[in-house]
There are 2 protein chains.
Amino acid sequence: MDTRVTNKKEQVIVAEELLAHLKGHQGLTRRTIAAFPEDKLFNYSIGGMRTFAEMIQELLGIAAPGIKEIATGKPAELQENFDHQNKKQNLLNAWDKASAEIEEYWPQIKPERFSETIKSFGQYEGKVWENIFYFIDNEIHHRGQGYVYLRSLGVEPPAFWER
Amino acid sequence: MDTRVTNKKEQVIVAEELLAHLKGHQGLTRRTIAAFPEDKLFNYSIGGMRTFAEMIQELLGIAAPGIKEIATGKPAELQENFDHQNKKQNLLNAWDKASAEIEEYWPQIKPERFSETIKSFGQYEGKVWENIFYFIDNEIHHRGQGYVYLRSLGVEPPAFWER
């Protein structure tokens, strides 16, 4: 008896559903980057916070390398900067590359891996699922901040519920 | 053989873990409300957005009634306003009451319920887990916006990673 199939209905969420959820968020964040006037992406902020481009670089440094680390077991390094040359298209390209990497490595994460305890980037200890949820939560958190930047610039952000 | 116990390790996340995750977020949102100067909670906003108190009322109208509906099967109504009398303490009390309700009703959600399709509040169709994730994501999204309000007021928000 394949208990995994039998019990699928008793799981809160299965791995493919979590990936779909994550991809939905990545798509929304991409549309949020795209909604920014190019210069504001790199020079606008509120209350001494980072620009949205800087937040996006943080996100790029976390989810894809973190999921690759979870999938392969090879240590990842936290790297939050790259030479985007103040071009929106370069950020979008990096975003697409990260999304493709997540999709490539995700299927290598074995079901039992999610409840294992790891130290992400050599420093963030927790269960694999907790790490992945953190990646997603952190993206939602900063994207929500990007929405305020957009609103204060008179730009309508993408609909939050559309994925 | 109790397959549920056997397969616990192969689940992305079990129900108690999702509750713990949700409670961690609720605690952080509570600290975010508490960080606001009382008047700013009710009269401050950026870019024509809602005040943080209005966003909190939206959240109060969603998670606790939504989880009660999921647990009991009894239809919930979307109710996003209550008479807070512009008092921070009234918002905090309502928040605590909602958190207690979530904790009360959560154990009534049967494991197989998470993959059932429902229409939350009579209008949001999706699987139970998708609805619950939406409640959490929406809270993170608006709380992130509250962080920008706080920063623009010169107030340090609570640490995002502390739950």
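The values are calculated or read from the model by the stated rules, or taken from the named source; none is laboratory data. Everything numeric in this text was worked out from a predicted model, so none of it was measured. Cβ: placed from backbone, ideal geometry, glycine included. Neighbour counts: every protein chain shown.
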Original post:
Out of (1) modelled with pLDDT of 95 or more; (2) part of a helix (DSSP H, G or I); (3) within 12 Å of chain A (Cβ to nearest Cβ); (4) exposed (fewer than 14 other Cβ atoms within 10 Å of the Cβ), what's the single condition that is false for B:GLU156?
Top reply: (2)
Subject >> segment A:98-121, residues that are of a type in the set (Gly, Ala, Ser) and either within 14 Å of chain B (Cβ to nearest Cβ) or surrounded by 12 or more Cβ atoms within 10 Å (Cβ to Cβ) (or both) >> reply: A:ALA98, A:SER99, A:SER115, A:SER120
Original post:
Within segment B:95-102, is there a residue that is of a type in the set (A, V, I, L, M) and within 21 Å of B:GLU130 (Cα to Cα)?
Top reply: yes
Original post:
When you look at A:TRP95, is it surrounded by 14 or more Cβ atoms within 10 Å (Cβ to Cβ), within 14 Å of chain B (Cβ to nearest Cβ) and either within 25 Å of B:SER152 (Cβ to Cβ) or within 18 Å of the chain's Cα centre (by Cα) (or both), yes or no?
Top reply: no
Original post:
Given the conditions (1) at pLDDT 95 or above; (2) assigned to a loop (DSSP other than H, G, I, E, B), which single one is not true for B:LYS68?
Top reply: (2)
Original post:
Is one or more of the residues making up segment B:96-119 in contact with a Gly (Cβ under 8 Å, 6 or more places away or on another chain), of a type in the set (S, T, N, Q) and not in a helix (DSSP H, G or I)?
Top reply: yes
**OP:** Specify the residue that is farthest from A:GLY146 (Cα to Cα); the eligible residues are those in segment B:98-123 that are basic (Lys, Arg) and free of Cβ contacts under 8 Å to residues at least 24 places away in the same chain.
**Re:** B:LYS110
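Output yes when any residue across segment A:137-149 is of a type outside the set (A, V, I, L, M, F, W, C), at positive phi and more than 8 Å from chain B (Cβ to nearest Cβ), and no when none is.
Within segment A:137-149, the first condition is being of a type outside the set (A, V, I, L, M, F, W, C), and the residues that meet it are A:137-139, A:141-147, A:149.
With at positive phi added as a condition, the list becomes none.
No, the conditions are met nowhere in segment A:137-149.
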**OP:** Among residues belonging to segment A:124-149 that are free of Cβ contacts under 8 Å to residues at least 12 places away in the same chain and more than 15 Å from the chain's Cα centre (by Cα), point out the one that is nearest to B:LYS23 (Cα to Cα).
**Re:** A:GLY126
